[in-house]
Structure formats: C-alpha cells, structure tokens
Amino acid sequence: MNLNPLSAVIFDYGGVMAKSPLGRVELLAELLNADPEVVISLILGTESTELNPWFEAEIGKQPLDEEFARKMRRVFSKRGVHFDLKIFRPWVTEAVNEPDEIMERLVRKLKSEGVSVALLTNAVPEFWPVIETTINVDLFDVVVDSSKVGLRKPDKRIYELTASLLNVDVNQCLMIDDLEHNVLGAKNAGMEGLLFVDSNLVESEVLNYFSFS
C-alpha cells in the first residue's frame, strides 16, 4: 500500500459483488459449441474496442441488435465460432447471478466506518436489470457504469472519473477486481489494486488495512 491513506474502496460487479462470471461465459461457450477459452478471451479479454463489438456495447456505442450480431459473427468466425444472437441476447438479459454476501457485508462495514465506496463495472445497458436484481446498488456512494460514461476498464480514465465522483484523489482509492488487467489498469491510474481471489481473504485484507475488526 502507498503512504497516502486510503479513503475509498471501489468494487467490481461480476466476480466481486456477484460470484465469478466465468461459469456464465463457459455456459455461453457450451451453447455456441465453442472452445471456452476462445469465448472467455472475446468477452473478458483485452482486445481493442475497434476489434470487439462487445466492448463497443460496453461503452454504450452498440446495442445488442442485428448490427451487433453481424459484427460479432465477423469477429467470432475468425476464431472458428458461429455467433448466434438468439442465444447471446438471452444469455445477457436473462442471466441469474449469485450475490457475494461477504462482499456486501464488507461494503456495509466500510460505509459504517466512514469509508467511501463505489461500484465500477463494465456492463451493457441490457444487463443492468440483472445487476439491480442481484445486488443493492444503493449501498454505494457512486456507481460508474461503463455504458453510461463511454469508458471501460482498463482505460485509466474510468478510474480517474470514479475517483473524481468520489471526490478523492486516485491514490486514495483501492480497486478490487477479479481480472488482472483491470487491477493493472487501476494501478496505472495511480490507485491501489487488489486482485479478487477469495471473499474471505479480500475482506480480511481490506479490514486489516483500515484496522477495522
């Protein structure tokens, strides 16, 4: 940790506030009869926005419509996968996620101790009803949705924006994310970053830093 005391903690949604999305992506791969690693790289990877229409959707530039399907077919076909919007769209809009109760407990504890908390997630507009059904977004002082701000992790600007909305310096923030490239993005922006591996370990490390029991 740096010498500047932390005053805010920023939580990812999928894989932190809700249980890991990897199982959902693996399900999509099964539905598309595709190699799970290929689908994981296309949905959760780091390819540039220009090459990945899913990332365009996550910054609010591309609805999940027929144009999206055409673009996705082109991208997926290069990896030997047939993209089917009739499978993909319900996979997004009808998802059932499991909240992480330990992380919710941590958010509540931090707030009770005066620590600012934010939710920062890469998401498409069509997925927001799932998020709002799964967790209580009102717990957070700030909610940053990539599709509303036109930026997505790991772009350093979205971390800077989140810190600004929290009214703190970036080096006073801790970002918790389950994807290493998003943690590195936070660090590149000047934040502290914590890679989520286990709920109990994350809770313990964060509470120990703030000397909360």
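Every number in this text was worked out from the coordinates using simple rules, so none of it is lab data. Bear in mind that the values here come from a model prediction, so they are computed numbers and not experimental data. As a convention, Cβ positions derive from the backbone with ideal geometry for all residues, glycine included, and neighbour counts pool all protein chains shown.
Quick check: residue separation of Ser20 and Arg79 times 0.36 nm, minus the Cα distance between them. What number comes out in nm? Mind dumping the intermediate values first?
Values: separation 59, 0.36 × 59 = 21.24 nm, distance 2.41 nm.
So the chain would gain 18.8 nm between Ser20 and Arg79.
Roughly how tilted is helix 199-210, in degrees to the nearest 10 and between 0 and 90, from the longest Cα axis of the chain?
It is inclined by approximately 40 degrees.
Once the dipole of the chain is set up with Lys and Arg at +1 and Asp and Glu at -1 on Cβ about the Cα centre, which of Met72, Ser116, Ile102 lies farthest towards its positive end?
Met72
Step through the table entries Lys19/Lys71; Lys19/Lys61; Lys109/Lys153; Lys61/Lys156; Lys19/Lys109; Lys61/Lys86, compare each Cα-Cα distance with 24 Å, and write down the pairs that go over it. Numbers along the way, then the final one.
Numbers: Lys19/Lys71 29 Å; Lys19/Lys61 27 Å; Lys109/Lys153 26 Å; Lys61/Lys156 19 Å; Lys19/Lys109 20 Å; Lys61/Lys86 20 Å.
Violating the 24 Å Cα-Cα cut-off are Lys19/Lys71; Lys19/Lys61; Lys109/Lys153.
List the GluC sites (Glu not before Pro) within segment 94-162 that fall in a DSSP loop (any state other than H, G, I, E or B) and whose Cβ has at most 16 other Cβ atoms within 10 Å. Working shown, then result.
Details: sites: Glu94, Glu101, Glu104, Glu113, Glu126, Glu132, Glu160; in loops: Glu94, Glu113.
Hits after loop and neighbour filter: Glu94, Glu113.
List the residues, sorted by chain then number, that are 5 or more residues from Leu120 or on another chain and whose placed amide H is less than 5 Å from its amide H.
Correct list: Phe11, Asp12, Tyr13, Val144.
Which length gain, in nm to one decimal place, applies between Leu207 and Arg157 when the Cα-Cα distance is subtracted from 0.36 nm times their residue separation? Display every interim value, and only then the final one.
Working: separation 50, 0.36 × 50 = 18.00 nm, distance 2.74 nm.
Computed gain between Leu207 and Arg157 is 15.3 nm.
Mind checking which aspartates and glutamates have their Cα closer than 20 Å to the Cα of Lys78? Skip sequence neighbours fewer than 8 apart in that chain.
Excluding near neighbours in sequence, the set is Glu26, Glu30, Asp35, Glu37, Glu47, Glu50, Glu56, Glu66, Glu67.
With just the Cα atoms defining each centre, how far is segment 100-161 from segment 22-74? Give it in Å.
22
Treat each spin label as a single point 7 Å out from the Cα along the C-beta direction, and report the Val197 to Asp35 distance in nm.
Placing both labels 7 Å beyond Cα along the Cβ direction yields 2.7 nm.
Check Met175: other-chain or 5+ apart residues with amide H under 5 Å from its amide H, H built from backbone geometry?
Residues meeting the criterion, in which the H sits 1.01 Å from N, are Ile10, Glu192, Gly193, Leu194.
Where nothing but the Cβ of Lys and Arg (+1) and of Asp and Glu (-1) is charged, how large is the charge dipole of the chain around its Cα centre, in debye to the nearest 20? Show your work: numbers first, answer last.
On the way: 21 positive and 34 negative charges, 103 e Å.
My answer is approximately 500 debye.
Rounded to the nearest 10 degrees, what's the angle between the helix 22-31 long axis and the longest principal axis of the chain, both from Cα atoms, 0 to 90?
With rounding to tens, the tilt is 10 degrees.
Counting Lys and Arg as +1 and Asp and Glu as -1, each charge on the Cβ, what is the dipole of segment 22-93 about the Cα centre in debye, to the nearest 20? Can you show the working numbers first?
Details: 10 positive and 12 negative charges, 39 e Å.
Using only the charged Cβ atoms, the result is roughly 180 debye.
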